[in-house]
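Right, one structure below, let's go through it.
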Amino acid sequence: MRDLSVRAKLTLWYLLVTFAGLLLFGVLSYGALRFALFQGKKSHLRGREQRLIQFLEDNKAEHTPLPLSEQLHNYAIVTHEGNLFEIRNPNGSLLFPLTVNSADRILPDSKDCSQTVFFFQQLEHLPAMVMCHSILLNGQPARLYLGGLLDEEFYMLRIYRSALLLLMPGLLSLAAISGYLLSRHALKSVDRMMKAAVNIGIGNLSARLPVPAAKDEIQHLAVAWNQLLGRLETAVSRLSKFSADVSHDLRTSITVILATAQLSLHRRHSEEEYREDLNRVVTECRTASTLLDALLALARSDTFSHEVAFQRINICELVINGCRRVEDLAESSGIILDWHLPEEAVYIEGDELLLQRLLGILLDNAIKYTPEHGEIRAAVSRTENEVVVTVCDTGIGMSEDVRQRVFERYYQADLRERKTQAGNGLGLAIARWIADAHQAELTVESIPLNGSVFQVKFPVAMDSYSAALREQMV
């Protein structure tokens, strides 16, 4: 039974319940019909008793001169079942008829007949019901026995029983077919859900199971599975997004390390310059290690989330470190990299690692799309209401259509003039997200073949946002 399919189990249960119902119906209906027939026979015997007593009373009223035995004989002649009654004395001796065939003889019951008593016996070799009742004949007590054949009643019962037995196999066959069709119809929604679930993979988690229109348990199951798929899609999307972002930053770190090492190999340096290059490589390795630790922590977490850790940051020092980080990469590409800072330090509230990523993305993009002998400049300025970090270049620029979409995730413009292979369209999307996380505004102004200007505008009063922003997730 355990190895059977749900459809087979439902069919068997439906067949078993139907069989039990038919059996119960057959037994109860057969018993009810038998009871009704026997009650009818009892009523018939009581009616015969009344007619016999009425017949004798009428004869007495008319002063019929015939003796009692002759009156009873005449009554037996005019009734079609008059031979099925006997009258006996209280001691059991016959009063009428005086002689009885053994086949027609009613065997007296030992019960007291002061109240009407019914019992069964064979009369004329046929089943019969006998009624016994004590009456008064000519003022003397006597027992009246009336018999009625049950051949018609038993014939009707046999016909009804045969009909039930003949209908049972047909009804069970119909129940089995109906149970199979009903189970098939009931599980049709499950089959559709199963086929849809088989086609859902990691590449198309946006697909959903079909939800039946009927508001039943299967619909609730489909809704629950769709909600589960939704949560799974969100989790995988977050993981994919974070992995792509980390991969992008790791590639930037590796590019910086490679450029620094190549530049050190191709020209002679003093010991101090070599140490500076090695320190730069160590810094990039630590940055890459931090990103890998974040990725591993993400893989172990349940929510795939990352808290933005705000602290007071000297934005001028951050710009200097960011430019020095990629100056070897710019030098190896024949690009002049410079920075302009105010005389006084400028502080903002932010996540240092995220802001390093933001600045690194802007500088890396500038180097990537600036031709040899070009120039890149990073600057920090401050107004009454905001702190502005600007990265401008003399690169290939971009059209208005590209500028409108440059911050979209995975968007890659067809820029044939670029020096390197196409990226993955993540850098500026990550930069926009980091700016949004700091309540900053990231904008770009660009003219084709005339360079681009990226500006990040931080509000001066960052403290009012820091408490709420610490809960933001990646």
> Amide H neighbours of Trp339 under 5 Å, counting only residues 5+ apart in sequence or on other chains, H built in-plane at 1.01 Å?
Replying inline: Ala378
>> Show log10 I(q)/I(0) for the range 177-247 at q = 0.11, 0.20 Å⁻¹, two decimals, from a solvent-free Debye sum over equal Cα scatterers.
In response: -0.38, -0.84
>> With 10 angstrom as the radius, rank Thr443, Thr390 by how many other C-beta atoms surround their C-beta, starting from the fewest.
In response: Thr443, Thr390
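Only counting other Cβ atoms within 10 Å, I'd like Lys111, Lys42, Lys368 sorted with the fewest neighbours first. Mind dumping the intermediate values first?
On the way: Lys111 10, Lys42 15, Lys368 20.
Lowest to highest Cβ neighbour count: Lys111, Lys42, Lys368.
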> So what J values fall out for the range 327-341 if you push phi through Karplus, 6.51 cos²θ - 1.76 cosθ + 1.60 with θ = phi - 60°, rounded to Hz, Gly and Pro as x?
Replying inline: 5, 5, 5, 5, 5, 5, 9, x, 10, 8, 10, 9, 9, 10, 10
>> If I histogram all Cα-Cα distances within the range 1-63 using bins 5 Å wide from 0, what percent of pairs lands in each bin?
In response: 4, 14, 9, 10, 8, 8, 8, 6, 6, 5, 5, 4, 4, 3, 2, 2, 1, 0
> So for the range 120-196, what are the equivalent ellipsoid semi-axes in whole Å, largest first, each being the square root of 5 times an eigenvalue of the Cα gyration tensor?
Replying inline: 61, 15, 6
> Roughly speaking, what is the stretch gain from Tyr274 to Leu23, that is 0.36 nm per residue apart minus the C-alpha to C-alpha distance, in nm to one decimal?
Replying inline: 80.4 nm
> Could you give me the ³J(HN,Hα) list for the range 49-61, computed from phi with Karplus coefficients 6.51, -1.76, 1.60 and θ = phi - 60°, whole Hz, x at Gly and Pro?
Replying inline: 4, 5, 5, 5, 5, 5, 4, 5, 5, 5, 4, 5, 5
>> Testing the spin-label approximation: label points 7 Å from Cα along Cα→Cβ at Val211 and His266. State their distance in nm.
In response: 6.1
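Can you sort Met131, Met194 from fewest to most other Cβ atoms within 10 Å of each residue's own Cβ? List each step's numbers first, then the result.
Values: Met131 22, Met194 11.
Taking fewest neighbouring Cβ atoms as first place, the list is Met194, Met131.
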> If the viscosity is 1.002 mPa s and the temperature 20 °C, what translational diffusion coefficient in µm²/s does Stokes-Einstein give for the range 75-223 when Rh comes from Kirkwood over Cα pairs?
Replying inline: 97
> Dividing the alpha-carbon radius of gyration of the range 1-131 by 2.2 N^0.38 Å (N being the number of residues), what value is obtained?
Replying inline: 1.78
>> For a Förster distance of 41 Å, can you work out the FRET efficiency between the beta-carbons of His340 and Arg409, rounded to the nearest 0.05?
In response: 0.85
> So, in nm, how far is label Ser247 from label Ala76 when the simple model puts each one 7 Å beyond its Cα toward the Cβ?
Replying inline: 11.4
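By per-residue mean of other Cβ atoms within 10 Å, what is the highest-first order of 330-343, 252-265, 48-61? Can you show the working numbers first?
Values: 330-343: 15.5, 252-265: 17.8, 48-61: 13.9.
Ranking, from highest mean packing down: 252-265, 330-343, 48-61.
None of the figures in this text is laboratory data; all of them are computed from the coordinates on show. Computed from a predicted structure; not experimentally measured. Methodologically, a virtual Cβ is constructed for each residue, glycine included, from the backbone with ideal geometry; neighbour enumeration extends over all protein chains shown.
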